[in-house]
Amino acid sequence: MANIVFIATSLDGYIADKSGGVEWLHAAQTAQGCDMGFESHFDRIDALIMGRNTFEMVLSFGVKWPYSKPVFLLTDTLTHVPDGYQDKVSIVNGNLKDIIRSLNLQGFQNLYIDGGKTIQSFLAQDLIDEMFISRIPILLGGGAPLFGDLEQPLRFKLNASQTYLDAVVQNHYIRCREE
C-alpha cells in the first residue's frame with residue numbers, strides 16, 4: 001500500500017502561478033509520446049484522491065475526463081458531484097486516516113494523491129509514502145507552493161532521478177520511516 005504524489009513544480013517550488021494558472025507547465029514542451037513517466041505511474045495506482053481546487057482545474061480544461069480509474073474528491077464544501085461525473089467521481093471527507101483505511105478495505109491499495117492543499121494535508125499527517133517531483137525550468141517568483149508548514153521534518157530518500165527533454169528533472173523520493 002502506498003500514497004503517492006506525482007506532480008510538477010517550478011524551480012522555486014510552485015505548482016501554480018500567482019493567478020492560479022498552470023500554463024507555465026508548457027515551458028517544458030513534451031515531445032510526441034514523452035509522458036515523463038506518468039503512464040507507468042498511472043498503471044501502478046488503483047485510484048486518485050484529489051482536492052476540490054484540482055478537480056475544478058481539471059474541469060476547466062474543457063477536455064474529455066482524463067482519468068480511467070476511480071477519483072475520490074476530498075472536499076468539505078461540495079455536497080454532490082457535478083452532473084456527468086457521478087460514475088467517475090465520489091466525494092470523501094473527514095479524517096484522512098479513516099478515508100485511507102476505508103479505501104484500502106475497498107481494495108484501493110495504491111493511491112495517487114493530487115492537489116496542493118491535499119498533498120500538504122497528507123504530508124502534515126505523515127501519510128505520503130512516495131513522491132515523484134518534476135522540476136520545470138522556470139522561476140515563477142510566487143504562487144501556490146507545493147509544500148506547507150510541518151510540525152516536524154519528514155525524511156525522504158532519493159530513489160531515482162531522471163532527466164526528460166534535456167530540461168525537466170524528475171526525482172523519485174521514498175519516505176524514510178522509523179522501524
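The values are calculated or read from the model by the stated rules, or taken from the named source; none is laboratory data. Everything quoted here is computed from the prediction, not taken from an experiment. Every residue, glycine among them, receives a Cβ derived from its backbone with ideal geometry; neighbour counts consider all protein chains shown. For the accessible areas, the whole protein counts, side chains as well, though only heavy atoms, and no ligand, DNA or RNA atoms are used. Shrake-Rupley method; radii C 1.70, N 1.55, O 1.52, S 1.80 Å.
Per-structure values
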quantity	calculated
Extension gain (nm, one decimal) between Ser102 and Met1, 0.36 nm per residue minus Cα-Cα	35.1 nm
Sites Ser60 and Glu39, calculated FRET efficiency, Cβ-Cβ separation with R0 22 Å, nearest 0.05	0.40
Nonlocal Lys pairs with alpha-carbon distance under 18 Å, the chain (8 or more apart, or different chains)	4
Cleavage-rule hits, chymotrypsin sites (Phe, Trp or Tyr not before Pro), the range 36-133, DSSP coil, Cβ neighbours within 10 Å at most 13	Phe61
Calculated from backbone phi, Karplus (6.51, -1.76, 1.60) coupling profile of the range 155-167 in Hz, x at Gly/Pro	8, 10, 10, 6, 9, 7, 9, 9, 10, 10, 6, 6, 8
Neighbour net charge for Leu146 - beta-carbon separation under 12 angstrom, K R +1, D E -1	0
Full-extension gain in nm, Asp126 to Glu23, via 0.36 nm per residue minus C-alpha separation	34.0 nm
Cα-based Rg of the range 1-108 normalised by 2.2 N^0.38 Å, two decimals	1.16
Cα centroid separation, the range 126-140 to the range 150-178 (Å)	7
Residue-wise HN-Hα coupling along the range 72-81, computed from phi with Karplus coefficients 6.51, -1.76, 1.60 (Hz; x: Gly, Pro)	10, 8, 7, 7, 9, 9, 7, 9, 8, 7
Label-point gap, in nm, between Ser90 and Ala160 - each point 7 angstrom along Cα→Cβ	3.0
Average accessible surface area per residue within the range 24-179, 1.4 Å rolling probe, Å²	59
Percent accessible area from carbon and sulfur atoms, the chain, protein chains only, probe 1.4 Å	50
Sites matching trypsin sites (Lys or Arg not before Pro) across the range 104-176 that sit in DSSP coil, with at most 14 neighbouring C-beta atoms within 10 Å	Arg155
Karplus 3J(HN,Hα) series, Hz, for the range 12-26 with 6.51 cos²θ - 1.76 cosθ + 1.60 (x for Gly, Pro)	8, x, 9, 9, 8, 7, 4, 9, x, x, 10, 4, 4, 4, 6
